[in-house]
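Trainee: If you scroll down you'll find the structure; I have some questions about it.
The values are calculated or read from the model by the stated rules, or taken from the named source; none is laboratory data. Since this is a predicted model, take the numbers as computed values, not measurements. Here Cβ is always computed from backbone atoms with ideal geometry, including for glycine, and neighbour counts include all displayed protein chains.
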Amino acid sequence: MKMVDAKSQAQKIAFAPLTFQAVRSALNLGILKVLDDAGKDGLCADKIEKSLGLAQYTVSTLLEVLESAGILECKGGAYVSTKIAQCFLYDQMTKINTDFVHDVCYRGAFYLQESFANGKPEGLKVFGNWPTVYEGLSQLPPQVQKSWFAFDHFYSDNAFDGVIKIILSKKPERVFDVGCNTGKFELALFSKGFKGEVTLIDLPQQLKKAEENLKAAGFGKNCGFYPADVLKKETKFPENPAPDAILMSQFLDCFSKEQIISIVQKARNVMTEKSRLYILEPFWDNQKFEAAKLSLTHTSLYFTAIANGSSKMYSRAEMESCVKTAGLKVEKTHENVGNHEYTLLECVK
Ligand SMILES: C[S@@+](CC[C@H](N)C(=O)[O-])C[C@H]1O[C@@H](n2cnc3c(N)ncnc32)[C@H](O)[C@@H]1O
């Protein structure tokens, strides 16, 4: 790369937080939509001002930023939409990631470096004084919760059908879901006709929500609700009768490697020779698309500044090594589970 090109790339990064806010503003003010609706001929700035009732200052400033950032094109005085603009308008993944970064991560990211230095999510203080985001999840402002849950659900929900097929192939009667969140996996599992029992395990505040959701859907009688902080030394998983399957879906990335080893050991302690631990994760080094790898490595920064200051999205080798250290063996690796390149590690004693 020539130095001039390197400088150009470096300026894009230097101004990236401002570009991000400019795109959101243009989107929310309706500028991207009127331009896209105008098609290949585009619109002049004054037509946009009139049709949206916006000030000349607002429209000209945003159009200049978006054109220089390659998000719009300018042809003979008219601004024209691009495929990038269309992603912000219509692509669900782009929308969910943008809302997550803005609502959940943006203000706290200011404290990223301090979070690394102190091993604590220093950015979480913009929302409240909890040790990790999980204790505060149910008390976050409604818009922040909405974006958090949309981000969480968008990726793993999509993998659930594939996971259920794999888990049910072993005909389990007793399933644990550790880090069950709002109970979406159980809704999917029971709606596939599962007749066994599920024990949902999560922090008490979170488990309440899952319990409400499952009872409302009429599946309450097949569920046990086990409030627990898996990080507490004294926490044990229920063991009588032993689980046939334990699911940890998009869960272990919420912890440091030492914590992962201890959690997997807790699972191991209640497993029989027949039990299986299923670990579902999107490993950053196992992605077909560059954008997926970038999204996952950047999600690690959310864990640093907002979630807990100590966890990250892991590579497959890192997770396998934790599983091994905890005394389990990866018996089978299921690749490409769902649409987002998730991997399901099937582990045995
Ligand atoms: C990223 S969500 C995963 C949700 C769900 N399993 C999925 O696949 O979408 C992580 C879950 O772990 C729970 N969690 C985080 N820390 C925990 C802890 N120390 N003990 C128990 N659960 C915890 C959170 O409350 C949250 O529901």
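Trainee: Kindly establish whether residue 191 is within 16 Å of the ligand (Cβ to nearest atom) and small (Gly, Ala, Ser). Before you say what the answer is, go through the steps one by one.
Mentor: Details: within 16 Å of the ligand (Cβ to nearest atom): no; small (Gly, Ala, Ser): yes.
In short, no.
Trainee: Only one of (1) within 10 Å of the ligand (Cβ to nearest atom); (2) within 24 Å of residue 343 (Cβ to Cβ); (3) out of contact with any strand residue (DSSP E or B) (no Cβ under 9 Å at 6 or more places or on another chain) fails for residue 135. Which number is that?
Mentor: Evaluating residue 135 over (1) within 10 Å of the ligand (Cβ to nearest atom); (2) within 24 Å of residue 343 (Cβ to Cβ); (3) out of contact with any strand residue (DSSP E or B) (no Cβ under 9 Å at 6 or more places or on another chain) leaves (2) as the failure.
Trainee: Let me ask another. Within 16 Å of the ligand (Cβ to nearest atom) and over 20 Å from residue 222 (Cβ atoms): which single residue out of 127, 176 fits that description?
Mentor: Values: 176 fails: over 20 Å from residue 222 (Cβ atoms).
Matching residue, one of 127, 176: 127.
Trainee: When the residues of segment 207-233 are filtered to those that are within 13 Å of the ligand (Cβ to nearest atom) and hydrophobic (A, V, I, L, M, F, W, C), which remaining residue is farthest from the chain's Cα centre (by Cα)?
Mentor: Step by step, filter segment 207-233, then rank; the result is 225.
Trainee: Further question on the same structure: I'm trying to understand the selection: among the residues of segment 139-158, which are among the charged types (D, E, K, R) and within 10 Å of the ligand (Cβ to nearest atom)?
Mentor: The first filter runs over segment 139-158 and keeps only residues among the charged types (D, E, K, R), leaving 146, 152, 157.
Passing the criteria: 152, 157.
Trainee: Can you tell me how many residues within segment 195-206 are modelled with pLDDT of 95 or more, more than 8 Å from the ligand (Cβ to nearest atom) and not charged (D, E, K, R)?
Mentor: Total meeting the criteria: 4.
Trainee: Within segment 270-293, which residues are within 24 Å of residue 233 (Cβ to Cβ) and within 16 Å of the ligand (Cβ to nearest atom)?
Mentor: Applying the first criterion (within 24 Å of residue 233 (Cβ to Cβ)) to segment 270-293 yields 270-272, 275, 277, 279.
Correct list: 270, 277, 279.
Trainee: Within segment 154-170, track down each residue that is without any contact (Cβ under 8 Å) to a residue 40 or more places away in the chain and surrounded by fewer than 16 Cβ atoms within 10 Å (Cβ to Cβ).
Mentor: Correct list: 165, 169.
Trainee: Can you work out which of the residues in segment 138-167 that are in contact with a strand residue (DSSP E or B) (Cβ under 9 Å, 6 or more places away or on another chain) and among the hydrophobic types (A, V, I, L, M, F, W, C) is farthest from residue 274 (Cα to Cα)?
Mentor: 159
Trainee: Another question about this same structure. Consider only pairs whose beta carbons are under 6 Å apart and that are at least six residues apart or on different chains; among these, list those whose first residue lies in segment 250-278 and is over 13 Å from residue 230 (Cα atoms) and whose second residue is modelled with pLDDT under 95 and within 9 Å of the ligand (Cβ to nearest atom).
Mentor: Here the result reads 250/156, each pair linking segment 250-278 to a residue that is modelled with pLDDT under 95 and within 9 Å of the ligand (Cβ to nearest atom).
Trainee: Now a separate question. Regarding segment 234-244, can at least one residue be identified that is closer than 29 Å to residue 116 by Cα and within 8 Å of the ligand (Cβ to nearest atom)?
Mentor: Looking for residues that are closer than 29 Å to residue 116 by Cα and within 8 Å of the ligand (Cβ to nearest atom), one finds at least one in segment 234-244, hence yes.
Trainee: Considering segment 313-349 alone, what residues qualify as being loosely packed, with under 15 Cβ neighbours inside 10 Å, assigned to a helix (DSSP H, G or I) and charged (D, E, K, R)?
Mentor: If the condition is that a residue be loosely packed, with under 15 Cβ neighbours inside 10 Å, assigned to a helix (DSSP H, G or I) and charged (D, E, K, R), then 324 is the only one that fits.
Trainee: Regarding segment 48-70, can at least one residue be identified that is buried (at least 17 other Cβ atoms within 10 Å of the Cβ) and free of Cβ contacts under 8 Å to residues at least 12 places away in the same chain?
Mentor: Within segment 48-70, one or more residues are buried (at least 17 other Cβ atoms within 10 Å of the Cβ) and free of Cβ contacts under 8 Å to residues at least 12 places away in the same chain.
Trainee: Right, next: Please specify each residue of segment 268-288 satisfying the condition of being over 28 Å from residue 244 (Cα atoms), at pLDDT 95 or above and surrounded by fewer than 14 Cβ atoms within 10 Å (Cβ to Cβ).
Mentor: If the condition is that a residue be over 28 Å from residue 244 (Cα atoms), at pLDDT 95 or above and surrounded by fewer than 14 Cβ atoms within 10 Å (Cβ to Cβ), then 285 is the only one that fits.
Trainee: Cβ-Cβ below 6 Å, separation at least six or inter-chain, first residue in segment 117-142 and assigned by TED's automatic domain parsing to the domain that holds residue 212, second among the acidic types (Asp, Glu) and surrounded by fewer than 20 Cβ atoms within 10 Å (Cβ to Cβ): which pairs?
Mentor: Every condition considered, the pairs that remain are 122/114.
Trainee: Among the listed residues 30, 76, 70, 42, which satisfies the condition of being at pLDDT below 95 and not assigned by TED's automatic domain parsing to the domain that holds residue 102?
Mentor: Details: 30 fails: at pLDDT below 95; 70 fails: at pLDDT below 95; 42 fails: at pLDDT below 95.
Unique residue meeting the criteria: 76.
Trainee: Tell me which residues, restricted to segment 104-124, are closer than 29 Å to residue 289 by Cβ and within 16 Å of the ligand (Cβ to nearest atom).
Mentor: Within segment 104-124, 104, 105, 121 meet the criteria.
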